[in-house]
Ligand SMILES: Nc1ncnc2c1ncn2[C@@H]1O[C@H](COP(=O)(O)OP(=O)(O)OP(=O)(O)O)[C@@H](O)[C@H]1O
């Protein structure tokens, strides 16, 4: 049986279709990532699957229950870590855990033992009596993860689990996510616009853009869509910037900053031919690098845009939102 089954899911806000008929299945015990830029429809999908938003049409079964017909059953079996912080900042870490546990009907020694185990798991036990407002962003996210695990959910939803965090803290959170999967065989559905996050964590990735899934597979499988190698060029004279055409160039995209992105079978063989071609066309190459395809290259191949372009804006938006809340 699948942990999540989604068929032709549509979510409209008024006339605007934020999620446009997506279908996918997540296996039990799998980490499944929704990778896409800002505004792609990731949070909307999470909110529908966690029964916080009602779908417009289509069907979604989560942990064996229909999200529309059996929302209470779904809620009992899932945990959620939201993109926006949802802790009570005036209370201590322990108090936040305790109240959440009580809401889920836990009590007495069982609750106390679980709180201790989970606060130790996210390395916050020594900070249990400190108010959350004194915690760093990374500590707060760790506490949210611990809190979401209190009622031992079958499926954990993580909406942009490391947005706005520094690289070291992000790596730390990735370790907890991997441990949850390995130690508890938990199904994890996460959304992210960080390609490295999807690549590091996910067994399978669905790339979402403008409310549609445009590709799905393992990171390696998705990269095969691009081919073997990618050459990045920086060129002089933007007015001359154009796609170079030749048989050995399988794909060519013009990017911002006078950059050109070429998909080739074999970069080592293509480079000498490329220099000759550029010379013939009167195009001056300032910089050349080449690499194996990344998920950013996959997104570019499929959409003509880079996920990266939107990343800075999204992170800044998040930081601004968090500051406003304080
Ligand atoms: N309550 C709402 N009313 C109207 N439009 C909305 C609402 N919530 C989201 N949208 C729009 O729906 C689209 C998808 O938003 P969503 O938040 O799901 O995207 P996302 O991929 O999660 O991006 P982000 O990570 O920035 O939240 C966006 O164009 C957004 O502006």
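Which residue is farthest from residue 19 (Cα to Cα), if the candidates are limited to the range 200-212 and must be in contact (Cβ under 8 Å) with a residue 60 or more places away in the chain and surrounded by fewer than 19 Cβ atoms within 10 Å (Cβ to Cβ)? Reasoning before the result, please.
Of the range 200-212, the ones in contact (Cβ under 8 Å) with a residue 60 or more places away in the chain are 201-212.
From what is left, the residues that are surrounded by fewer than 19 Cβ atoms within 10 Å (Cβ to Cβ) are 203, 210, 212.
Values: 203: 23, 210: 8, 212: 7 Å.
By that ranking, first place goes to 203.
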**OP:** Could you tell me which of the residues 177, 78 is within 23 Å of residue 31 (Cβ to Cβ), buried (at least 19 other Cβ atoms within 10 Å of the Cβ) and touching a strand residue (DSSP E or B) at 6+ places or on another chain (Cβ under 6 Å)?
**Re:** 78
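Every residue, every condition in (1) under 28 Å from residue 65 (Cβ atoms); (2) touching a residue at least 24 places away in the same chain (Cβ under 8 Å), yes or no:
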residue: 93; (1), (2): no, yes
residue: 109; (1), (2): no, no
residue: 114; (1), (2): yes, yes
residue: 124; (1), (2): no, yes
residue: 135; (1), (2): no, yes
residue: 140; (1), (2): no, yes
residue: 158; (1), (2): yes, yes
residue: 162; (1), (2): no, yes
Original post:
What number of residues within the range 285-301 are surrounded by 12 or more Cβ atoms within 10 Å (Cβ to Cβ) and over 14 Å from residue 223 (Cβ atoms)?
Top reply: 3
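To keep it simple, each residue is scored yes or no on (1) touching a helix residue (DSSP H, G or I) at 6+ places or on another chain (Cβ under 7 Å); (2) assigned by TED's automatic domain parsing to the domain that holds residue 65; (3) in contact (Cβ under 8 Å) with a residue 60 or more places away in the chain; (4) crowded, with 17+ Cβ neighbours inside 10 Å.
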{"position": "145", "(1), (2), (3), (4)": "yes, yes, yes, yes"}
{"position": "155", "(1), (2), (3), (4)": "yes, yes, yes, yes"}
{"position": "171", "(1), (2), (3), (4)": "no, yes, no, no"}
{"position": "185", "(1), (2), (3), (4)": "no, yes, yes, no"}
{"position": "188", "(1), (2), (3), (4)": "yes, yes, yes, yes"}
{"position": "192", "(1), (2), (3), (4)": "yes, yes, yes, yes"}
{"position": "214", "(1), (2), (3), (4)": "yes, yes, yes, no"}
Subject >> Condition check for residue 130: surrounded by 14 or more Cβ atoms within 10 Å (Cβ to Cβ) and farther than 28 Å from residue 48 by Cα >> reply: yes
Original post:
Within the range 302-311, which residues are modelled with pLDDT of 90 or more and buried (at least 16 other Cβ atoms within 10 Å of the Cβ)?
Top reply: 303
Subject >> Selection from the range 6-44 of residues that are under 19 Å from residue 71 (Cβ atoms) and crowded, with 16+ Cβ neighbours inside 10 Å >> reply: 6, 9, 10, 11, 19, 26, 43, 44
Original post:
Which of (1) touching a strand residue (DSSP E or B) at 6+ places or on another chain (Cβ under 9 Å); (2) at pLDDT 85 or above does residue 245 not meet, given it meets every other one?
Top reply: (2)
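The values are calculated or read from the model by the stated rules, or taken from the named source; none is laboratory data. Just so you know, these numbers come straight off a predicted model, no measurement behind them. Note: ideal-geometry Cβ built from the backbone for every residue, glycine included; neighbour counts use all protein chains shown.
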